[in-house]
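Trainee: So that we are looking at the same thing, I have put the structure below in structure tokens.
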Amino acid sequence: MELQGSRDASGCRFAIVVSRFNQEVTSGLLAGARQALAEAAVHDDDITILHVPGAFEIPVTALRAAETGRFDAVICLGCLIKGETMHFEYIASAACHGVADAAAASGVPMALGVLTALTEEQAMARAAAGPDNKGREAALAAVEMATLFRQLPEGIDS
């Protein structure tokens, strides 16, 4: 047997956790994600957007959203731009590992759309409208995973 996700996620429910830090970039990521979900036949009523202060707050919010049992997948969007200190590396690592840990702990698929860019120009290019928008890519991954998981059995028979 082979299973794979679909591009039609009608009836699926999604949470989008989006950071307000670097909002000019993250608003572009959010727009890309929303467009991809619309193209996948997801109704606005099936999308909940959770705004958080920064990338560090994304994982715990994604976990809390997943634990509600309301969502088929969680899309995590943020932007970190490298500065002169090590802060970028610590927050990027915490956000990425935290999202992976939250997905493993909850069993709910989570798509990582947290940009880690060296410059604002790089970040803006990845958040621009169009097929290369990283928010769009994260939403498409979430759609595929949500529809795949809907095909899997709930538990394993002993």
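The values are calculated or read from the model by the stated rules, or taken from the named source; none is laboratory data. What you are looking at is a predicted structure, and each value in this text was computed from that prediction instead of being measured. Positions of Cβ are generated from backbone atoms using ideal geometry, with glycine treated the same way; all protein chains shown enter the neighbour counts.
Trainee: From E121, E137, E144, grab the single residue that is of a type in the set (D, E) and either assigned to a strand (DSSP E or B) or farther than 19 Å from H43 by Cα (or both).
Mentor: E121 is the lone residue from the list that is of a type in the set (D, E) and either assigned to a strand (DSSP E or B) or farther than 19 Å from H43 by Cα (or both).
Trainee: Could you say which residue among A123, A103, A66 is at pLDDT 95 or above, more than 30 Å from D8 (Cβ to Cβ), surrounded by 14 or more Cβ atoms within 10 Å (Cβ to Cβ) and in contact with a helix residue (DSSP H, G or I) (Cβ under 9 Å, 6 or more places away or on another chain)? Before the answer, list the steps.
Mentor: On the way: A103 fails: more than 30 Å from D8 (Cβ to Cβ); A66 fails: more than 30 Å from D8 (Cβ to Cβ).
Only one candidate passes the filter, namely A123.
Trainee: Of the conditions (1) under 17 Å from N22 (Cα atoms); (2) modelled with pLDDT of 95 or more; (3) more than 17 Å from the chain's Cα centre (by Cα), A41 satisfies every one except a single condition; which number is it?
Mentor: Every condition holds for A41 apart from (1).
Trainee: Name the residue that is nearest to A105 (Cα to Cα), counting only residues in the stretch 48-62 that are hydrophobic (A, V, I, L, M, F, W, C) and under 12 Å from the mean Cα position of the chain (by Cα).
Mentor: Looking only at the stretch 48-62, we keep the residues that are hydrophobic (A, V, I, L, M, F, W, C), and these are 49-50, 52, 55-56, 58, 60, 62.
Add one more test, that the residue is under 12 Å from the mean Cα position of the chain (by Cα), and what stays is 49-50, 55, 58, 62.
Working: I49: 21, L50: 20, A55: 19, I58: 15, A62: 11 Å.
Result: A62.
Trainee: Among E154, E84, which is of a type in the set (D, E), surrounded by fewer than 19 Cβ atoms within 10 Å (Cβ to Cβ) and closer than 25 Å to A9 by Cβ?
Mentor: E154
Trainee: Residues of the stretch 74-96 being free of Cβ contacts under 8 Å to residues at least 24 places away in the same chain and under 15 Å from the mean Cα position of the chain (by Cα), which ones?
Mentor: Residue satisfying the conditions is C96 alone.
Trainee: How many residues are crowded, with 17+ Cβ neighbours inside 10 Å, within 14 Å of the chain's Cα centre (by Cα) and within 16 Å of T116 (Cα to Cα) if we restrict to the stretch 13-29?
Mentor: The qualifying residues number 5.
Trainee: Pick from L115, L148: which is buried (at least 21 other Cβ atoms within 10 Å of the Cβ) and modelled with pLDDT of 95 or more?
Mentor: L115
Trainee: Here is a follow-up. I'd like the full set of residues that are more than 23 Å from A95 (Cβ to Cβ) and touching a residue at least 24 places away in the same chain (Cβ under 8 Å), limited to the stretch 40-73.
Mentor: Listed by number, the residues that qualify are A40, A41, V42, H43, D46.
Trainee: Name the one entry in A66, A111, A55, A103 that is in contact with a Ser or Thr (Cβ under 7 Å, 6 or more places away or on another chain) and closer than 27 Å to Q4 by Cβ. Before the answer, list the steps.
Mentor: Working: A111 fails: in contact with a Ser or Thr (Cβ under 7 Å, 6 or more places away or on another chain); A55 fails: closer than 27 Å to Q4 by Cβ; A103 fails: in contact with a Ser or Thr (Cβ under 7 Å, 6 or more places away or on another chain).
Exactly one residue qualifies, and that residue is A66.
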